[in-house]
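Colleague: Handing you a structure now.
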Amino acid sequence: MPSNPTGFSPETMPDLGGKVILVTGGNQGIGYETVLALARKGATVVMASRSESRANEAIAQIKAQVPSAAVEFLHLDLADLQNVVQAAGSFAAKHDRLDVLINNAGIYVVPFSTTKDGFESVFQTNFVGHFALTRELIPFLLRAENPRIVNVSSTLHKAAPSQGILFDTMNDEKSMSNDGRYGQSKLASILFTAALHKRYGDKVFVNSVHPGFVKTDIIRDLGFFLRPVMWLMQSLFALSTPHGAYTSLYVATSPDVVDKTLKNKYFIPLGALSSGLSKLATDDELADRLWSWTEAELKKRNI
């Protein structure tokens, strides 16, 4: 178990009554535990996920534990940019503000493919879709008091290619390994945090987190031979899934974030500040280039 320098646990979170919090990928794994903990503290939680049946099952499980839980389903497919825009519109139809956005959803090592929007699938699911969603929801965040954005990244951002982001060749299957594709997407998440801070940091608390090596269903994305190896490693060394949610929950709810003006920081389990970013992850020019490139790519697709 990692050290807990803040003394944080879900029980120490403040009352969240009246807060509206959106969690992507909230129906399973770390996302589910995040939604459950937020609901226990009285937040209205929007569970944004692709599968309505799985989300409804997760919501039923939460309400069995917390009968007063205010959890809503929002259909969100990050691999479909038109759906991302529609999801933001559905949110706007029910809510006039957003207090916290937790960009949690992600996929790991999957066979190479491209989405209907023409992006490499891991890069779109883990980064581009969240970029588009965040951009749509910024006006709602700006209506809240001390709004927050939490981008769930990973220490595996260090597995990105040596150039950082392969803007011109990421759709070439041979341009990088599966780990490289995942690392690139998580590097993009950290660079996105820096770019958001540059543009909205005077009004929004934007931070990124590494949840730790956590026992989750993400191993479903691994191949037949790797899956049992990772299962064994998880059994021996991984954080429990509830503990995997601690860092996101701390950054999303702790008064420390506002009181200590913690912005554009990188947190590791269990809510500790870290200086362990790669050199690429602190490259402001690369962050600006990624922002401009993503905006241009979305514009090409009328998003």
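Colleague: Looking at K203, is it within 17 Å of L101 (Cβ to Cβ), within 17 Å of the chain's Cα centre (by Cα) and modelled with pLDDT of 95 or more?
Modeller: Criteria not met by K203.
Colleague: Follow-up. Quick one: which strands (runs of 3 or more DSSP E) sit completely within region 1-97 and have at least 1 residues that are farther than 25 Å from I303 by Cβ and in contact with a strand residue (DSSP E or B) (Cβ under 6 Å, 6 or more places away or on another chain)?
Modeller: Answer list for region 1-97: 44-49, 70-75.
Colleague: Within region 247-303, count every residue that is acidic (D, E) and surrounded by 16 or more Cβ atoms within 10 Å (Cβ to Cβ).
Modeller: 2
Colleague: Scan region 38-59 and tell me whether some residue there is surrounded by fewer than 20 Cβ atoms within 10 Å (Cβ to Cβ) and under 17 Å from G244 (Cβ atoms).
Modeller: Looking for residues that are surrounded by fewer than 20 Cβ atoms within 10 Å (Cβ to Cβ) and under 17 Å from G244 (Cβ atoms), one finds at least one in region 38-59, hence yes.
Colleague: Right, next: Here are I107, I30, I21, I102: which of them is surrounded by fewer than 20 Cβ atoms within 10 Å (Cβ to Cβ) and among the aliphatic types (A, V, I, L, M)?
Modeller: I107
Okay, residues lined up against (1) free of Cβ contacts under 8 Å to residues at least 60 places away in the same chain; (2) under 22 Å from T134 (Cα atoms):
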{"site": "S9", "(1), (2)": "no, no"}
{"site": "L38", "(1), (2)": "no, yes"}
{"site": "A43", "(1), (2)": "yes, yes"}
{"site": "A58", "(1), (2)": "yes, no"}
{"site": "L81", "(1), (2)": "no, yes"}
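Colleague: Now a separate question. Is there any pair with a first residue in region 254-268 that is assigned to a helix (DSSP H, G or I) and a second that is buried (at least 16 other Cβ atoms within 10 Å of the Cβ) whose Cβ atoms are under 6 Å apart and which are 6 or more apart or on different chains, and what are they?
Modeller: Cβ pairs passing all conditions: V257/F205.
Colleague: Sticking with this one: Residue under question is V128, and the condition is that it be of a type in the set (V, I, T) and in contact with a Ser or Thr (Cβ under 7 Å, 6 or more places away or on another chain); does it hold?
Modeller: So V128 fits the description; yes.
Colleague: Same structure, new question: Determine whether region 179-191 contains at least one residue that is at pLDDT below 95 and surrounded by fewer than 15 Cβ atoms within 10 Å (Cβ to Cβ).
Modeller: Within region 179-191, one or more residues are at pLDDT below 95 and surrounded by fewer than 15 Cβ atoms within 10 Å (Cβ to Cβ).
Colleague: Separate question: Scan E173, E136 and give me the residue that is among the acidic types (D, E), more than 29 Å from K203 (Cα to Cα), in contact (Cβ under 8 Å) with a residue 12 or more places away in the chain and surrounded by fewer than 24 Cβ atoms within 10 Å (Cβ to Cβ).
Modeller: E173
The values are calculated or read from the model by the stated rules, or taken from the named source; none is laboratory data. This is a predicted model, so every value here is computed, not measured. So basically every Cβ, Gly included, is an ideal-geometry build from the backbone, and we count neighbours across all protein chains shown.
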